[in-house]
Amino acid sequence: MKTTAQGVNVTGLQETWEKNLSLRPKTYRKTFRSLNRNDIEAVRIPVDIEHFLTLDDPSRKRRFIRLLNKIIRYQKNDKPLILAYFNHNLAHDNFKSEAALMAKNWIKLLKSLNRRRFLRHDIYIEIANEPQIYPREWKQSAAIIIEGIRGYYPELPIIAGASNFNSIYELSRLEPFPYDNIIYSFHFYEPFIFTHQGTPWTAPQNNTLGIPFPYPLNNINLLPPLAKEAMGTPGEINYRDYGSTGTYDAIENKISIISNWRDQHDVEVWCTEYGVTKNADKQSRKNYLRGVHQTLKAHDIPGFIWEYQGNFGVKDLNVLFK
């Protein structure tokens, strides 16, 4: 189950709000060929599973299943391929019923995959992306999902993170689940004021553009002024603290939290997302991605860049580390 391979997220199948979302295998075949040329062996596929399984159009549903089977075929044998459940509806008022539904959806999806290819590939499933419910409710939800899946696939490797958007801090407080063959995941986008600068879904606190990485200690004039829209928001505090958070040491200190937790509990941990928006300058993006990669590698934690193509895309950035 152990991998030290550099990984990347190949996104698209979670973006079901897009009217013209492509299910053409050709697009994915081209991507996997490019990744194979760069020796990128581990891939995570975010998927809006419930959307595709409940489509009214049976033809499009069949196309989705065919595409997933082809993606499994495109991935190298015995190299990690994660299928991650995106856009779930876990909430405080429905978490038990929603978790049961998610387990059923996982079973339905896994049964629809080509059994011969599925069994000979290194397939992992990440049961729920970035759960936002309280830790206690999430732990109950995870148990429902894991036990439901394990009733049909007892040997399948399962990936599970913590609440609060796969938080490293919540994971460090989590008592490991009482199941075998579980990999624990976290997402790393700190400092947020840098990695998410100018992203509309995190506005206005991250409206300040031009923030470099690392913090320009020897020339603070390189730091842009705080955006007016960010004043009076958490972004103002994050801007004030950037001298201590926007450093390689800060990355090391935060990832050490998870590394220590892993060693304490003798479990396996993967970072299934880390990345930075294209709104940051190219050199700063390279500095950050390389810094996170090297820190994860030093702690023997596999990492998956978010994402190959898209708003955080690294396809043309030359940072797919070998």
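The values are calculated or read from the model by the stated rules, or taken from the named source; none is laboratory data. All values derive from a computational prediction rather than experimental measurement. We place every Cβ from the backbone using ideal geometry, glycine too, and count neighbours over all the protein chains shown.
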Which listed residue, of F192, F213, F177, is in contact with a helix residue (DSSP H, G or I) (Cβ under 6 Å, 6 or more places away or on another chain) and either at pLDDT 95 or above or crowded, with 22+ Cβ neighbours inside 10 Å (or both): F213
Sole residue being more than 19 Å from the chain's Cα centre (by Cα), in a helix (DSSP H, G or I) and crowded, with 19+ Cβ neighbours inside 10 Å, chosen from N253, N238: N238
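Taking into account only those residues within segment 126-155 that are under 20 Å from the mean Cα position of the chain (by Cα) and polar (S, T, N, Q), which is farthest from K104 (Cα to Cα)? Steps first, answer last, please.
From segment 126-155, those under 20 Å from the mean Cα position of the chain (by Cα) are 126-135, 138-139, 141-142, 145-146; that's our starting set.
From what's left, polar (S, T, N, Q): 129, 132, 141.
On the way: N129: 16, Q132: 21, S141: 13 Å.
Filtering segment 126-155 for residues that are under 20 Å from the mean Cα position of the chain (by Cα) and polar (S, T, N, Q), the one farthest from K104 (Cα to Cα) comes out as Q132.
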When residues of segment 210-235 are limited to those that are under 16 Å from T195 (Cβ atoms) and part of a helix (DSSP H, G or I), the one farthest from the chain's Cα centre (by Cα): A230
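Residue-by-condition table, conditions (1) buried (at least 16 other Cβ atoms within 10 Å of the Cβ); (2) within 20 Å of N38 (Cβ to Cβ); (3) of a type outside the set (S, T, Y):
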{"site": "L217", "(1), (2), (3)": "no, no, yes"}
{"site": "G243", "(1), (2), (3)": "no, no, yes"}
{"site": "L289", "(1), (2), (3)": "yes, yes, yes"}
{"site": "D316", "(1), (2), (3)": "no, yes, yes"}
Any hit, segment 9-19, residues being closer than 26 Å to L156 by Cα, touching a helix residue (DSSP H, G or I) at 6+ places or on another chain (Cβ under 8 Å), part of a loop (DSSP other than H, G, I, E, B) and β-branched (V, I, T): yes
Scope segment 219-235; condition over 20 Å from K282 (Cα atoms) and either of a type outside the set (K, R) or surrounded by 20 or more Cβ atoms within 10 Å (Cβ to Cβ) (or both); matching residues: L226, A227, E229, A230, M231, G232, T233, P234, G235
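Those residues that are among the aliphatic types (A, V, I, L, M) and outside any loop (DSSP other than H, G, I, E, B), I need them from segment 256-282; list them, please.
Kept after step one, since they are among the aliphatic types (A, V, I, L, M), are these residues of segment 256-282: 257-258, 267, 269, 276, 280.
I257, I258, V269 - these are the residues of segment 256-282 that are among the aliphatic types (A, V, I, L, M) and outside any loop (DSSP other than H, G, I, E, B).
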Hits in segment 33-44 - residues which are touching a Phe, Trp or Tyr at 6+ places or on another chain (Cβ under 9 Å) and surrounded by 21 or more Cβ atoms within 10 Å (Cβ to Cβ): L35, I40, A42, V43, R44
Number of the condition not met by K61 [criteria: (1) touching a Phe, Trp or Tyr at 6+ places or on another chain (Cβ under 8 Å); (2) crowded, with 18+ Cβ neighbours inside 10 Å]: (2)
